[in-house]
Amino acid sequence: MKTTATLSFILALFLSAQLPAHAADMEMNDKDMAGMDMNSSAKADEAEAVGVVDEINAAKGIVTISHEPIKSLGWPAMTMDFIVKDKQMLGKLSKGKKITFTFIEKHGDYLITKVK
């Protein structure tokens with residue numbers, strides 16, 4: 001009986017410790033969604049960014065880009081992996097090249113739709 005009570009107490013303590021962390025994750029997701037206010041000429045799900053190409057994985061169609069802050073999304077500058085919508089876009093990219101690109105979020109991935 002004592003063991004069951006102790007285990008129940010430990011489980012309750014563990015679960016209560018996880019709730020604030022989960023709530024913080026939810027707040028961040030809400031913040032990200034609220035920051036997706038785009039100007040009227042852009043599609044609601046598109047964002048434009050400026051960055052430098054760090055790596056290109058042509059076989060997988062993945063580009064690692066260090067991008068500047070993206071004000072429309074409330075994102076700071078960071079390095080991220082993006083998938084290209086069309087692998088022909090890879091011909092416009094080279095390591096170290098500064099680009100302006102448009103992307104969307106699709107199924108948890110960030111998909112580059114245009115490169116300038």
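The values are calculated or read from the model by the stated rules, or taken from the named source; none is laboratory data. Given the structure is predicted, the values throughout are model-derived calculations rather than measurements. When we count neighbours, we look across all protein chains shown, and the Cβ atoms used for this are built from the backbone with ideal geometry, even at glycine.
In segment 50-61, the qualifying residues are those that are surrounded by fewer than 16 Cβ atoms within 10 Å (Cβ to Cβ) and of a type outside the set (D, E, K, R), and the one that is nearest to residue 95 (Cα to Cα) is 52.
Could you go through segment 90-100 and let me know if any residue there is of a type outside the set (Val, Ile, Thr), within 16 Å of the chain's Cα centre (by Cα) and surrounded by 13 or more Cβ atoms within 10 Å (Cβ to Cβ). The answer is no; no qualifying residue exists. Taking segment 85-105 as the range and being of a type outside the set (Lys, Arg), in a loop (DSSP other than H, G, I, E, B) and over 13 Å from residue 55 (Cβ atoms) as the test, only 86 passes.
If you go through segment 73-84 one residue at a time, do you hit one that is in contact with a Gly (Cβ under 8 Å, 6 or more places away or on another chain) and either exposed (fewer than 12 other Cβ atoms within 10 Å of the Cβ) or not in a strand (DSSP E or B) (or both)? Within segment 73-84, one or more residues are in contact with a Gly (Cβ under 8 Å, 6 or more places away or on another chain) and either exposed (fewer than 12 other Cβ atoms within 10 Å of the Cβ) or not in a strand (DSSP E or B) (or both).
Any residue in segment 30-52 that is out of contact with any Phe, Trp or Tyr (no Cβ under 8 Å at 6 or more places or on another chain), part of a helix (DSSP H, G or I) and at pLDDT 55 or above? No, segment 30-52 has no match at all. Whenever a residue of segment 62-73 is more than 12 Å from residue 50 (Cα to Cα), its partners that are in a loop (DSSP other than H, G, I, E, B) and modelled with pLDDT under 95, lying with C-beta atoms within less than 8 angstrom and at least six residues away or across chains, give the pairs 72/35; 72/36; 72/37; 72/38; 72/39; 73/35; 73/36.
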